[in-house]
Amino acid sequence: MPPTNSKPEWPYPRITHFPGRIERFSYRTYNWFENRLWPIRPLPFLALVSTATGYQLRNHNLQDIGENLQVLLQPLAISTGVIYTGVFILRHFLKYFYFSYKGFLTENPKKPSYRTIVWGVLRKALLAIAPPQLSSCDRLLPNLPLPRLDDTIKGYVDSMKYFMPEEDYAQLIERSNQFLASEGRTLHRYAWILHKFKENYVTSFWEKYIYYAGRYPLPINSSISQCVMYGDNELTQIYQTARLLYIETISNLALDRQKYLAVGDGLMSTRHYKHLYNGCRVPGKEYDHFQWNPPSPHVVLVHEGTWYKVDTCDHKGRIYSVNELVKITAELMKRDDKATGFMTKIASLTTDRRTEWFENRKKFFLDNKHNRKLLKIIETAQFVISIDGDLKWGSKTTEELSRYMKDMITGDGKNRWFDKTLNYAVERNGRGGATGDHSPVDGAELDHLCENILNIDKQIMRTPSREEQIEAENITEENKKTLKFAEKLDFQNVDGLEAEVERCYENHGKAIKDLHMHSIAFLDFGKGRLKKCGISPDGFVQMAIQWAYFKDQGKFTMTYEPGSVRFYANSRTETLRPVTDASCKFVNAMNDENSTNAERRRLLKEACELHVKRSKDIMLGKGVDRHIFILAVLAKGLGYTSPFLDYYVNQKWLLSTSNIPNMTNSVKEDVSVNSISLGGSFGAVAQDGYGICYRFGGNQAILVHITSYHSSDVTDSDRMGGYMREAFHKLANLFDE
């Protein structure tokens, strides 16, 4: 056994060099076979084929083969066909009997069925014999199931009765019955055909029409934030930037090599991980699209509104050390070649509405040879890092935390290229965070990446003293010969560019001012206390949100919470609707002075239990919203008119919530309150609504970030934050008896 004080290992191989074309072709070819042969590895498969072929050639010599190649090809084809047939049968058995089995989700873990026991033994055997890589099992995941039309419509209609007057609800029932009796059946047949011919009948349409069809600006509307730990940062801005460059370059290459640990032991889809690095959302006239690019050796750094290309490896492909990247970053920051005037705001063009950005991108970049080259450098970069900000977060007050989280969503109009999936930001005090575009990936992928960074940066890598960090910035004559320093991206002025940049910058400034962020670092308790109470932590927060919203608005409203359907191929999310009969009864009891704590406690438990059950139903593909969404897309494409679907698509999510999952359990958040991760945030999706993002900081904290808009007359994030704090205490106190 290793000693107890052994150093933790990186979550993926610590790659030391950037691959050349031949090497990259080699490992990608191996992974191509790995993903089509697992649980048989490519090399054992090749060995079996070679052995079987050799056995058939036992009566032949090399001369026979040399004179007639057919002597070799026929046995080789037979061996390959026979052995792959066995692999094919094994993989189909796993797909339809192992990966398709979901009974473990609904059974009592203390009293599993015999089938679940057998499934668990098979799982342990597979993990022991052939531990999967990131995407080894992705092609074995079952197709997303298509729910029964009647179940979907009934589920939706039932979920709407809490928000509507009786006469409106009666009209909705009538519309739903008409839909089921007429166009609904026809549209469902088309959905059934899609379901049979596509592994996931939702995802491609969801991405196109929900994300890429949107003409709204990306910041606030599509951007989400990820942030670091609560405690003080011990690294300087330069050293933290260099360390981030180093860690993420290795992470990028490890992901390309498929060396991330398989998510959920291979039971969950990893299809979208490839979009984390290198790629870029490209604006279109009507629809955007995502441009995937192979791993790039360079990153783009932004300092004082000036954009630089920074290589993270030398001309031989050797990845620079942290100290070498410190020198490269320090040299960049000390330059006197900074951009001036409107050129410092050129990134604000990416904050514009998408059609306008499409036109400006063509006019100012694609039609200009010099700017087109610089645009390609940005769009193919691994990611972007801003080293501008000085938010001065020190005393950890709500005001400072709110200001910091808001900046992670919006930037300042100069220091984010919002088309990129990842925009990191390192403040002057060394604190870091990230702005991510939600369209190519979901929060789970970004959370996974963020946890890896925190694990390596804060728990695995050594933290040098302040003096060592500053000493590393010194550049010697030898460094000037061996290091490739940053290349400034000096954009050319084009007629009309200044006016458009200033317009975009001004509009984004207005959007920043309008966004109202209220961040809560609730340190009184975390999920540990809630588990002792015997209730679901996520259910607890959702019920707290429901009560807080009712106190804030005096009514219930449609509430969005993303649920995971990643047990199915190429899946993203489904909508979990937290408002139920049980949740409403609980909220009403909390507002009823005559209700006892025992009654409230019982109703809270029932609401949380139902919430857990509905979450599992979502995991089993029993949601309603994606199904209706597809029916609405088909109706529009086929020219059907449907009052029921028209009503559905025009409803607004006034309360949008999200629970950030723990993907790796690698960050030891219970060691100290300073070790908890701040989590992420997103903008409210409705003008008069709230966006609430939350996570549990281990057993000792709940992190909540609430957004709304100052321009709304009915919402106030600070007010809602006050109700949330009150709800946490009062709901937990129900169990003190």
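Between Gln70 and Thr16, what FRET efficiency follows from the Cβ-Cβ distance if R0 is 51 Å, with the result rounded to 0.05?
It comes out at approximately 0.65.
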Handout entry: Amide H contacts of Thr306 (H built 1.01 Å from N, under 5 Å, at least 5 apart or other chain)
Key = Ala339
Practice task
Obtain the nm distance between the two label points defined at Glu234 and His370 by a simple spin-label model: each point lies 7 Å from its Cα along the Cα-to-C-beta direction.
Solution key: 4.7
Exercise for the section: Can you tell me the order of 449-460, 49-60, 342-353 when each peptide is scored by its average per-residue count of other Cβ atoms within 10 angstrom, highest first? Expected result: 342-353, 449-460, 49-60
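Looking at the calculated P(r) for the stretch 21-140, what percent of the C-alpha pair distances fall above 22 Å?
Working: 3699 of 7140 pairs.
Above the 22 Å cut-off, the stretch 21-140 has 52 percent of its Cα pairs.
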Practice task
Quick one: grab Rg to one decimal and Dmax as a whole number for the chain, Cα atoms only, in Å.
Solution key: 27.6, 97
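If I stretch the segment between Asp336 and Ser26 completely, what's the gain in nm (0.36 nm per residue apart, minus their alpha carbon distance), one decimal?
Residue separation times 0.36 nm, minus the Cα-Cα distance, leaves 107.2 nm.
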Fill in the blank from the handout: Treating only Lys and Arg (+1) and Asp and Glu (-1) as charged, each at its beta carbon, one finds that the chain has a dipole about its Cα centre, in Debye to the nearest 20, of 2200
Fill in the blank from the handout: Expressed in nanometres to one decimal, the distance between label points 7 Å along Cα→Cβ at Glu468 and Arg185 is 7.5
Exercise for the section: For His17, enumerate residues with amide H under 5 Å from its amide H, sequence gap 5+ or separate chain, H modeled in the peptide plane. Expected result: Ile319
Exercise for the section: List the residues of the stretch 191-216 whose backbone N lies under 11 Å from a point placed 7 Å from the Cα of Leu638 along the Cα-to-Cβ direction. Expected result: 191-194
Practice task
Of the options Leu43, Leu140, Ser113, report the single residue whose Cα projects farthest towards the positive end of the charge dipole of the stretch 21-140 (beta-carbon charges: Lys, Arg +1; Asp, Glu -1).
Solution key: Ser113
Completion exercise
Simple spin-label estimate for Ile377/Glu487, 7 Å along Cα→Cβ, in nm, reads 0.6
Practice task
Report the extension gain between Arg148 and His92 in nm, rounded to one decimal, defined as 0.36 nm multiplied by the number of residues separating them, less their alpha carbon distance.
Solution key: 17.6 nm
Problem - Residue-by-residue Karplus 3J(HN,Hα) for the stretch 531-539, coefficients 6.51, -1.76, 1.60, Hz, glycine and proline x - result: 5, 5, 6, x, 10, 5, x, 5, x
Completion exercise
In nanometres, the difference between 0.36 nm per residue of separation and the alpha-carbon distance of Met164 and Val612 is 158.7 nm
Exercise for the section: Determine, from the Cβ-Cβ distance of Ser711 and Glu399 and an R0 of 22 Å, the FRET efficiency 1/(1 + (r/R0)^6), rounded to the nearest 0.05. Expected result: 0.60
Exercise for the section: Would you mind checking which residues have amide H under 5 Å from Ser519's amide H? H placed 1.01 Å from N; only 5 or more apart, or other chain. Expected result: Ser402, Ile706
Completion exercise
Per-residue Cβ contact counts at 10 Å, fewest first, order Glu107, Glu183, Glu593 as Glu593, Glu107, Glu183
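We did not get these values from a lab; they are worked out from the coordinates using the rules stated. Being a predicted model, the structure only gives us computed values, none of them experimental. Glycine gets a Cβ as well: all are built from the backbone with ideal geometry, and neighbour counts include every protein chain shown.
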